[in-house]
Amino acid sequence: LKTAAQRLSGATEYIQTTTGLSPFALYTTIAVIFILGAFPAVAAREKNGKMPRYGWSSRPALSPFGSTVGQGVPNITDEDFSYITSEDLESSVYDNPGRASYGGAQSQYYDLYSQSAPAPAYDRLSPEDDVMLIKHQGITYPEHFPAYSIGDGKLFVSDVRERVRMILDLTDRQAKRVKLYYKGRRLRDPDAPIRSYGVKNNSEVLMVLEDSGQGSSEDDMVVVPRHRRESRESREALESRFERTGRDIRGYGAPPDSPRTSRTGRWGEPGPRDATTSFGGPIEKMSQISVVFNTELLPLCNDYIASPPSDPKKRDQEHRKISETIMQKVLLKLDEIETTGEEGARARRKELVKHVQEALKSLDEAKGNDANIANPPTPDTSTSTIDTRVAKNDRNYRRRRDARSFLMGKKGPNGLGAIVANRVVVDGKGHLLGRLASIVAKQLLNGQQVVVVRCEALNISGEFFRSKLKYHAYLRKMTRYNPTRGGPFHFRAPSRIFYKAVRGMIPHKTARGAAALERLKVFEGVPPPYDKKKKMVVPQALRVLRLQPGRKYCTVGRLSHEVGWKYQDVVARLEERRKAKGAAYYERKKLAARQLTEAKKTAKVDSKTTEALAAFGY
């Protein structure tokens, strides 16, 4: 202590001699400085309750995500940290939206976010991509595009064509022959947005690789790709034929020295074939069907014609079996073949159909000819036995006969339950609703596919006011177990009213009735493609034939309009447009027929050319 006092007095003397200040003034100044420096520290300690630790300032740091002023040291936990993932790296493109420019030209790629898309947020996942289903030769390619690009009109037809070229690995020459269709409409303009053609997210677009032999045709006809599944009978008959001739079945339809190359697309599926090959074309399909008919069915027809069974029941049974087999294996398959993709296919099908109908005509004659039973002729497996018994108007005769069978609700001579074609189109105008529904219900149960158009023109017997009262009473019916619901709810559209009438005549709760209802289609007006189909009427249900003259009646379209149907004007406007187009087409058809008649009169055709044309059905 004595030593410390000596050192302090020595320091004081030194400071006094150096600065010239007295000891009192010196110590007073030091005390004031210390007190003034201690006041802010004491005030800050009283405010925060404790001294700051680990070098944190008493002033809280400002965060860009929120203000923490007045909260002191932030409370940091493990939840405040996260790893940077690949999704976070991909989301960095949010900072630079917009199209990229390469070489001064604007690219056909798209913004990831657009005006219709919600603004990006840090806590929101990336939006789902737009998907387009591209179908080609029975294979569906789900292709992804940036989100909202289809709806915003930023996806163009050229982008889709480029994507098709990439997935199918097409050359420049093949890519020029690619045609895209959506709901039967061709996507022509490459610079047009895909949205302008009605394409949406998850829409199916058909891709067709045009045959090189067709050139740059502008027809909007879709070439249906070849089915991969062929009937086993046709395949076996074709193989047996080529085994006898020593040729390879894989080279059928091509020249002997024609090289055949096969390409494989992704996932091991067959890729696009070379455009120069015609494997699987319409003519080849018809050739296969012709082989089946000539090798399997035609000998049965000749045997039946040569010696029909003496027992009437057995004779009818054999006739029905042969006719039904020919209809199922030959005629219906020929009707399914599209003849627009290959030149000469239409004439070939016409020739085959005529040949098959000649056989059916001979079968009908043999069935009803009693002389054949008493004096059976010698069997002849050649086609001349059938050709000598055919009339020129055979096709029209069979059409009239089968049409009568359908209208009368009876089985046709071919034993098919009055099947006229794969689908029958009935024009509902002028028919009584109940009578037509009963006939259609019977045909549906027999396996016939029926389409009823112009349901708004169906008639109901009785005054309109009475029918309206009855329908309002029908709409007021409610369920007993739940009357507060106000149901059941009934349809107002004319087509659904007719559908409900047919359903009431069919056991629709059974498997047979449900399958029968699947064969029925009903429409207001005449929508495509039924506007180009031949339509039928049912005499047993026509109002002019079944309703007494002078009796009152009303139309289903007016009744539906009165009870809430809102599309009467729309259907009427569409019908006027369809009739105008039909009238213009009919005028062109009459002009062409008149020109053809005049050309035939003035043409100089020798007998040899006439015989050649007659051989092809002209």
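Quick look at the numbers
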quantity	calculated
Residue 574 being under 33 Å from the mean Cα position of the chain (by Cα) and in a helix (DSSP H, G or I)	yes
Top-ranked residue of the range 469-499 - restricted to ones that are at pLDDT below 75 and basic (Lys, Arg), ranked as surrounded by the most Cβ atoms within 10 Å (Cβ to Cβ)	485
Residue pairs meeting the criteria (Cβ under 7 Å; at least 6 apart or on separate chains; first of a type in the set (Gly, Ala, Ser), in the range 564-586; second part of a helix (DSSP H, G or I))	none
Tally of residues being touching a residue at least 60 places away in the same chain (Cβ under 8 Å) and either of a type in the set (Ser, Thr, Tyr) or surrounded by 16 or more Cβ atoms within 10 Å (Cβ to Cβ) (or both) across the range 298-325	12
Total residues in the range 513-559, condition under 35 Å from the mean Cα position of the chain (by Cα) and assigned to a loop (DSSP other than H, G, I, E, B)	13
Near pairs, Cβ below 6 angstrom, 6+ apart or cross-chain, from the range 355-376 (under 21 Å from residue 311 (Cα atoms) and outside the structural domain of residue 305 (by TED's automatic domain parsing)) to any residue that is crowded, with 21+ Cβ neighbours inside 10 Å and at pLDDT 75 or above	none
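For every residue, the table says whether it meets (1) under 20 Å from residue 468 (Cα atoms); (2) surrounded by 12 or more Cβ atoms within 10 Å (Cβ to Cβ); (3) not assigned by TED's automatic domain parsing to the domain that holds residue 447.
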{"position": "529", "(1), (2), (3)": "no, no, no"}
{"position": "532", "(1), (2), (3)": "no, no, no"}
{"position": "539", "(1), (2), (3)": "no, yes, no"}
{"position": "544", "(1), (2), (3)": "no, no, no"}
{"position": "553", "(1), (2), (3)": "yes, yes, no"}
{"position": "557", "(1), (2), (3)": "yes, yes, no"}
{"position": "575", "(1), (2), (3)": "no, yes, yes"}
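The values are calculated or read from the model by the stated rules, or taken from the named source; none is laboratory data. All of these numbers come straight from a predicted model, not from anything done at the bench. Ideal geometry is used to build each Cβ from the backbone, glycine not excepted, and the neighbour counts take in all protein chains shown.
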